[in-house]
């Protein structure tokens, strides 16, 4: 009997749940957030995919979504397990779960996430670290108030510096003299600015164009800094030069200086303050201590790459150079303490916590603003973006810290342990969301690196690290492959994961390799090579899948090469695409989406079966009118559920429907010719589907809606 997902899937209602989850993913599914990974998909979506693939056609999807399940006889495999969303959702449903990933950071963090722990032992291990190492770390963030009273620094504000090529004077690379404001300035306009003359911290408004210094009395424009775009102006001699060109004459990365801080007084009050003599003396002590431990950090070079070339231009050559001396001292002491943890699995968990802390404590982190988590982490833009005004946070932290070891232990580790004991689901109705517990299997299992044919999904999960085009899974043993392949041209996971691997490998002595990059990883700037690598993994999935097994994966892409690549991988691996369902992908206000011209908020769930099954009937020609109607129906269904569909989303939905239709031709040459023609005429078809007949079928935020209307108007004008 066909599975439910082969002919029907409640993608619209599921998108409503997914959208609610997307705003606080780390709260609703904390087990997948104990460590950074990229493009983590929503747990509710993958729960839905797994249920749709496990249930027979006609079964009550929602009764099972919010009910108890036991699919112990169903074997699920994810060849790109990443942060482990597929694995976790499969365990909760009682499936036998197998996961593999070529990247050791993904493998290690998944192993840490799903291993069974005694929470009391984990808390005891943390308390031991708190007693032994936290006093040393907190001593590096001690300060004094103006009255000479003891206080703790929450955050130091830093600015990068460069010498002028003309007069050799040191230049502070301020983009603006306003270094702190509210995360939502329209709600709270208060801000802090630094006096360019005496260095005093002045209270002002975020949009002020004039400030009178409360200390030295000069008036200055706080919006003006020394750096605009790529150019720097010397405020001593007036010489202007390009920063990147200046960097070419330097041997190492830019230096920095601390100019202000946020302190926590003994009474628990937060205050802004300038640097003082106590801070200067502490900085000298830190410099001396750092000299003694400098050689303990391995000299691992940052290799050139799509996502690392930018920092190489800024003279960062080794991974440890991405940190200040104070941060490296804290790292050194934390490493030494974690190495002393006897229990191997506990050591792995705390190594992952430590690695995650580094995401917020480096010279690429910046101040997000008041009224939110203060630290904008290094990967907020999905790239390694040099920061000229970084923030140096308290590494151990206080109860008012952001991104520290102590706060992330509570928000990541303790929350994950609680969730693992009773994994909940999100229920939405009339705009309100509630959590439903008591329906899932606990997320704490034996983690094994070997697959056994007699495996019982209630007892163990099988995780391995390696090339997923070659697995040890026996032939035709898997019921469903559920995964989320990497993009070929956007974020190169291994290049970014090396930031973490440098530290994890020191703590765990996992590999002699110095990088997570692999020649056979499924990521490449060349669409041909990407398609070939993806084909190899899908071909392995074809081998391990049962005759009636399904390959189900999420996908979207804005460029035609992305669709060409995935089509070739599906077909050359021996599959045909049977269904395509649009689904909510990620939070609509995420940084990459806000920066996109035509943002894509939706993924496609592509449901594929083995070609030899004959489950997709051969046709002579594609009925384009029918394809357009199916796409329009899907857009209407999403809109009726109040899910926004942008112009980019409409194109994704259309490509999904055309992909399914093309595969019914059952001739590779004809399919590629057809899809190539579709790609050239896609905007034309979008205009047919998104037509104004009483209402527009897509909605968008007001700021983006005008852009979309202008694009459609330009299209209609250009096409006559």
Segment residue 62-residue 26, extension gain: residue separation times 0.36 nm, minus the distance between their alpha carbons: 10.6 nm
Once the Cα gyration tensor of region 613-686 is diagonalised, semi-axes √(5λ) in Å: 24, 14, 9
Principal-axis tilt of helix 344-358 within the chain, Cα atoms, nearest 10 degrees: 70
Angle between the chain longest axis and helix 104-114 axis [Cα atoms, degrees, rounded to 10]: 80
Semi-axis lengths, Å, region 192-260, gyration tensor of Cα atoms, sqrt of 5 times eigenvalues: 27, 14, 11
Crossing angle, helix 277-293 versus the chain [Cα axis fit, 0-90 degrees, rounded to tens]: 60
Cα principal axis extents for region 224-318, largest first, Å: 47, 41, 25
Pair residue 548, residue 680: separation of 7 Å Cα→Cβ label points (nm): 4.3
Region 277-320, Rg to Rh (Cα coordinates; Rh as Kirkwood inverse mean 1/r): 1.18
Neighbour-count ranking [beta-carbon atoms within 10 angstrom, fewest first] of 522, 159: 159, 522
Bridge type composition, the chain - antiparallel percent by DSSP, nearest 5: 75
By average C-beta atoms within 10 angstrom, highest first, the peptides 532-539, 213-220: 532-539, 213-220
Cut-off 17 Å (backbone N to label point 7 Å along Cα→Cβ of residue 240), residues of region 171-202: 174-176
Segments 601-609, 656-664 sorted - mean Cβ within 10 Å per residue, highest first: 601-609, 656-664
Between region 133-147 and region 482-518, the alpha-carbon center distance in angstrom: 35
Computed over region 253-402, Cα set: Rg, Dmax in Å: 16.4, 49
Cα-based equivalent ellipsoid, region 47-97: semi-axes from gyration tensor eigenvalues, Å: 19, 11, 10
Coordinate range along principal axes, alpha carbons of region 138-400, Å, largest first: 60, 48, 37
Overall Cα dimensions of the chain - principal axes, largest extent first, Å: 81, 68, 50
Tensor-based shape of region 169-228 (alpha-carbon gyration tensor, a/c under 1.5 rounded, otherwise prolate or oblate): oblate
Label-point separation in nm, residue 278 to residue 144, each point 7 Å along Cα→Cβ: 0.7
Peptides 70-81, 244-255 ordered by average Cβ neighbours within 10 Å, highest first: 70-81, 244-255
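We did not get these values from a lab; they are worked out from the coordinates using the rules stated. Computed from a prediction, not measured in an experiment: that's the story for all the values here. Cβ coordinates were reconstructed from backbone atoms using ideal geometry, including for glycine residues, and neighbour counts include every protein chain displayed.
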